[in-house]
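Just below is one structure, and these are the notes that go with it.
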Amino acid sequence: MIKSKLRSRILKIRKKNHYKNLKIDPLTINSFLNKNNLKFKSLGGYYPYNYEIDDIEILNFFEKKKIKISLPIIKKKNQMDFFEHSIKQPFEINKYGILEPISLKKIYPDLLFIPLVAFDKNLNRLGYGGGFYDRYLEKIEKIKKIIKIGLAFSFQKVKKIPISNHDRKLDYIITEKEIIG
């Protein structure tokens, strides 16, 4: 119940503030990754939905640097996987109204940008409540180590996110104002 009230409150704030067109500079992310020696050859992103912070410019930046880009596709039983995507390729619209790649080449990204509804200073994230990313992270972390970076607006930060056993902590959270982690 606490999570749903917090989710509802932050989503209203996000919708009200989306017109400000706040962005995260790809060069800031690139500099942070280089400074911390975070190496990756493939990157999982997302197509922004419901006023999420837009990562498309960031994905385009890394694709031009020859990083393999992938986006999620939601499968049966609320499972999600990431599939190769290029800025030149078309999309499909899924049952939630979110754009998905049409590629059939599954990728297990080395670095994953994760959208969120709210976050705290302890790298906890609150999503939409479907558990898609928590389930995906549980699955992929059995296969390989992955760098988990939440992308958000600074106003989505709250004092404390209520967490459950299945919630996955992030490695870093990047907003237009700060990097936590």
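The values are calculated or read from the model by the stated rules, or taken from the named source; none is laboratory data. Bear in mind the structure is a predicted one, so any value in this text is a computation, not a measurement. As a convention, Cβ positions derive from the backbone with ideal geometry for all residues, glycine included, and neighbour counts pool all protein chains shown. Just the protein is used for accessible areas: all its heavy atoms, side chains included, with ligands, DNA and RNA removed. Shrake-Rupley method; radii C 1.70, N 1.55, O 1.52, S 1.80 Å.
Might you check whether a residue that is open to solvent by less than 100 Å² (accessible area, probe 1.4 Å), of a type in the set (A, V, I, L, M, F, W, C) and closer than 21 Å to residue 149 by Cα occurs anywhere in the stretch 12-20?
No: zero hits.
Within the stretch 156-172, is even one residue assigned to a strand (DSSP E or B), buried (at least 17 other Cβ atoms within 10 Å of the Cβ) and within 16 Å of the chain's Cα centre (by Cα)?
To start, the set of residues in the stretch 156-172 that are assigned to a strand (DSSP E or B) comprises 157, 172.
If we keep only those that are buried (at least 17 other Cβ atoms within 10 Å of the Cβ) too, we end up with 157, 172.
Still in the list and also within 16 Å of the chain's Cα centre (by Cα): 157, 172.
Yes, because at least one residue in the stretch 156-172 is assigned to a strand (DSSP E or B), buried (at least 17 other Cβ atoms within 10 Å of the Cβ) and within 16 Å of the chain's Cα centre (by Cα).
Among (1) within 30 Å of residue 159 (Cα to Cα); (2) polar (S, T, N, Q); (3) assigned to a loop (DSSP other than H, G, I, E, B), which single condition is residue 103 missing?
Of everything listed in (1) within 30 Å of residue 159 (Cα to Cα); (2) polar (S, T, N, Q); (3) assigned to a loop (DSSP other than H, G, I, E, B), residue 103 misses just condition (1).
Which condition does residue 42 not pass, out of (1) over 14 Å from residue 147 (Cβ atoms); (2) in contact with a Lys or Arg (Cβ under 7 Å, 6 or more places away or on another chain), if it passes all the others?
(1)
Regarding the stretch 80-97, can at least one residue be identified that is open to solvent by less than 50 Å² (accessible area, probe 1.4 Å), in contact with a helix residue (DSSP H, G or I) (Cβ under 7 Å, 6 or more places away or on another chain) and modelled with pLDDT under 95?
Of the residues in the stretch 80-97, the ones open to solvent by less than 50 Å² (accessible area, probe 1.4 Å) are 80-83, 85-86, 94, 97.
Narrowing further to those that are in contact with a helix residue (DSSP H, G or I) (Cβ under 7 Å, 6 or more places away or on another chain): 80, 86.
Cutting the leftovers down to modelled with pLDDT under 95 gives us 80, 86.
There is at least one residue in the stretch 80-97 that is open to solvent by less than 50 Å² (accessible area, probe 1.4 Å), in contact with a helix residue (DSSP H, G or I) (Cβ under 7 Å, 6 or more places away or on another chain) and modelled with pLDDT under 95.
Could you tell me which numbered condition residue 121 fails, if it satisfies all but one of (1) open to solvent by 70 Å² or more (accessible area, probe 1.4 Å); (2) modelled with pLDDT under 95?
The one condition residue 121 does not meet is (2).
Return the residue satisfying two criteria in turn: it lies in the stretch 40-55 and is open to solvent by 20 Å² or more (accessible area, probe 1.4 Å) and at pLDDT 95 or above, and of such residues it is farthest from residue 153 (Cα to Cα).
Looking at residues that are open to solvent by 20 Å² or more (accessible area, probe 1.4 Å) and at pLDDT 95 or above, I get 41.
Would the stretch 56-66 turn up any residue that is surrounded by 14 or more Cβ atoms within 10 Å (Cβ to Cβ) and of a type in the set (D, E, K, R)?
Within the stretch 56-66 (the criterion being surrounded by 14 or more Cβ atoms within 10 Å (Cβ to Cβ) and of a type in the set (D, E, K, R)), the answer is yes, since at least one residue qualifies.
Please find, among 72, 26, the residue that is within 25 Å of residue 161 (Cα to Cα) and modelled with pLDDT of 90 or more. Don't jump to the end; show me each part of the working.
On the way: 26 fails: within 25 Å of residue 161 (Cα to Cα).
It is 72.
Identify, from the list 2, 29, the residue that is under 28 Å from residue 130 (Cβ atoms) and open to solvent by less than 70 Å² (accessible area, probe 1.4 Å).
Numbers: 2 fails: open to solvent by less than 70 Å² (accessible area, probe 1.4 Å).
29 is the lone residue from the list that is under 28 Å from residue 130 (Cβ atoms) and open to solvent by less than 70 Å² (accessible area, probe 1.4 Å).
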